[in-house]
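The values are calculated or read from the model by the stated rules, or taken from the named source; none is laboratory data. Note that the structure is predicted; figures quoted are calculated from it, not measured. Positions of Cβ are backbone-derived with ideal geometry, glycine not excepted, and every protein chain shown enters the neighbour counts. The area values use the complete protein model at the heavy-atom level, side chains included, leaving out ligands, DNA and RNA. Shrake-Rupley method; radii C 1.70, N 1.55, O 1.52, S 1.80 Å.
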Amino acid sequence: MIGLTIFLTSVGVGISAFTIHYEKGYPCHFTNYLKAESIDHVDVLLREKLKSSDKNYRFVAQVERINQKACFGKVIVYLSKVDFKAPSIAIGTRLSINSMIYTSKPQMNPGSFDYWDYLQLKNIYGQVFANGQNTAIQKQPKQDVFYWADKIRQRAMTKLQQSGLNSEILQILAALTVGQQQEISPEIIRDYQSAGVVHILSVSGLHVGFIVLFLGFILKFLPKNQKTRWVKLIVILISLWGFALLAGLSASVVRSVTMYSFVAMAMHLKRQTNIFHTLLVSLLLILLAAPTLLFDVGLQLSYTALFFILWLQPLLNKWWAPNYKITRYFWQITTVSLAAQIGTLPLSLYYFHQFPGLFLLANLIVIPMIGLIMAVGVSIMIFAAIGWVPKTGIELISWLIQRLNGFIKFIAQADEYVFKNIPFNLWMTFAAYLFVILVVWALKKPIYNRVKWALVGVLALQITYTISTQNTRTKREWLVLHQRKATAIVNRFGTKMEVYYRETLPKNILESYQTSEFIKKVQYQKLGRQGRFKNSKILIADDLSDYSKKLNPDIIVLCNQPKVNLERLLVDMNPKLVIADGNNYPSSIKRWEQTCRQKKIPFHYTGKKGFFRLSDENYFLFAKI
């Protein structure tokens, strides 16, 4: 009865927390004030800076008013780099924008990253594009803690830049110390990913742990009594949360700081604490404040890595007991890296479909270097924020980060040790974790019953893989992809895929789809004039205009700006569906859409609705159109 009560209470609390934090459900959310395809007067407050694109600065902004009506909600604001300069745009800036708020964007191609779904998990429900013609910067920014934290951070960055610190070094330093990785080049991020150490660019438990050790070393001179213990606790808590604020209160930083705060309080009260309880309490508090973070990839990887370090690393550490201190140190780094990699491997394969083979070698060198960089880097950031940049510190941090980047680039060049395009679906992820947990459970105490269950885990993984591959062998799909100034149509038979293209081979946009769908063989062919899916006839209407009236197609695909009178074509052929891909002029799309609406024929434009899929699942619905 107690167990049932706890379960029902937990479910109720979870539902309540999600309902409270589901911003779109409130009547004063900005989405309730929008009209279809209308230009609105939007007042926004910039809250968080994101990674810039080639043409725009990107910010998460809080909507304050729409057409002078008070409301709330979050949007992404794109600020043109041509019209705005970085120093004038800071956290806390208020903007008045006359623009449409775009509230949806479909998945443009199969297997591609669903950016809109990702934004909704963060309670972001719109995108706004701002330029010099439709935007005015309000004079009075909102001067709250986020504003001053950004000011301090920008002051430190400006001082370091004026000191002559190389821009690439400064970008890495900002990422490692205050979690600002927006300006890091894609090439550097790729090198860190290939080396298996990209996690160090996101401030997390590793970085916060080094800060705690550094604070402990500094406060070591204080005498040991009741008053100084309180002083240490207050200093540590203020320092940790001040660091979290400067780092932008990202999910990984908040998680780490919350957990270490509980550990610090337990140590102050001289109570022994179960580290797993501390981990779960910190996770509970974070999810109560932001329930959708449960689906955040960074949070999932961070907590999984930390759990396996605490659970599996002691077992690995027992396998060998080195005699020398330096050997023990590097053996501990090895076991920590191995435990974290085993714990996060299924998630990494599911989300990224790759595995860095040299992760152990990379972490053996990188982790000690990160400790030194954090000690020197945080100190330099503090001095720079005050207004003084020590020359010796600049030279030292430059040397350390150059050595770090050089080593990571060397590891990343061994491309043959980076295993890419590994098929792995959600059910295989669950089966892999069941397998890993049961095997570790058996290794901790290798008795008959535990070994038996470990073998069950192996069998479950094999069955899941077999079912996943078997399902793909019978799957059939016909796809019209979205590409600008190019046409690509896919006909998929199980693990084989035929790609019909017009001008450009669409290899990059199909890579994720090919991996996630277990496709082994791909053939590329020039696009013809006709196609077929089951009993449905398909006409490819390209730039030519001679069409046989006897074809009577079920689907017409408009591509490459065809010279055709669509109204006459619809009368002659009476199709069930018209599709237009991205290789057409916007003016033609609007005209065709209006024509199809008048003839009451469904119209699908890939630039608006994303790729078109005709499969075994939806063929019956299509046949009834």
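Worth a mention:
- Filtered residues of the stretch 408-444 (kept if modelled with pLDDT under 85, in a helix (DSSP H, G or I) and among the aromatic types (F, W, Y)): F410, Y417
- Counted residues, the stretch 556-583 - those being touching a helix residue (DSSP H, G or I) at 6+ places or on another chain (Cβ under 8 Å) and crowded, with 18+ Cβ neighbours inside 10 Å: 10
- Condition check for W331: assigned to a helix (DSSP H, G or I), in contact with a helix residue (DSSP H, G or I) (Cβ under 8 Å, 6 or more places away or on another chain), among the hydrophobic types (A, V, I, L, M, F, W, C) and over 21 Å from P368 (Cβ atoms): no
- Residue within the stretch 86-102 that is open to solvent by 60 Å² or more (accessible area, probe 1.4 Å), over 30 Å from H353 (Cα atoms) and in a loop (DSSP other than H, G, I, E, B) present: no
- Contact map, the stretch 221-249: first residue part of a loop (DSSP other than H, G, I, E, B), second residue surrounded by 12 or more Cβ atoms within 10 Å (Cβ to Cβ), Cβ cut-off under 6 Å, separation 6 or more or different chains; pairs are L222/T228; A247/V178; A247/G179; A247/V203; A247/V253; G248/G179.
- Close pairs from the stretch 515-543: first in contact (Cβ under 8 Å) with a residue 60 or more places away in the chain, partner small (G, A, S) and in a loop (DSSP other than H, G, I, E, B), Cβ under 8 Å, at least 6 apart: T515/G111; S516/G111; E517/G111
- Just so you know, in the stretch 402-436 the residues that are of a type in the set (G, A, S) and within 25 Å of N508 (Cβ to Cβ) include one that is surrounded by the most Cβ atoms within 10 Å (Cβ to Cβ), and it is A412.
- Listed by first and then second residue, the pairs with beta-carbon distance under 8 Å, at least 6 apart or on different chains, first residue in the stretch 142-164 and open to solvent by less than 40 Å² (accessible area, probe 1.4 Å), second of a type in the set (V, I, T) and not in a helix (DSSP H, G or I), are Y147/I91; A149/I91; D150/I91; L160/V389.
- Checked against (1) within 20 Å of the chain's Cα centre (by Cα); (2) surrounded by fewer than 19 Cβ atoms within 10 Å (Cβ to Cβ), Q180 meets all criteria but (2).
- Of residues in the stretch 15-34 being among the aliphatic types (A, V, I, L, M) and open to solvent by less than 70 Å² (accessible area, probe 1.4 Å), the one farthest from the chain's Cα centre (by Cα): L34
- Hits in the stretch 472-494 (condition: without any contact (Cβ under 8 Å) to a residue 60 or more places away in the chain and over 28 Å from the mean Cα position of the chain (by Cα)): R473, T474, N491, R492, F493, G494
- Within the stretch 569-580, the set of residues being charged (D, E, K, R) and at pLDDT 85 or above comprises just one member, K576.
- Tabulated pairs, the stretch 440-451, first over 17 Å from L312 (Cβ atoms), second open to solvent by less than 90 Å² (accessible area, probe 1.4 Å) and among the aliphatic types (A, V, I, L, M), C-beta under 8 angstrom, 6+ apart or interchain: V451/A442
- Cross-chain or 6+ apart pairs with Cβ under 6 Å, the stretch 356-377 first and within 12 Å of L176 (Cβ to Cβ), then open to solvent by 30 Å² or more (accessible area, probe 1.4 Å): G371/F210; M374/F210; A375/F214; V376/L396
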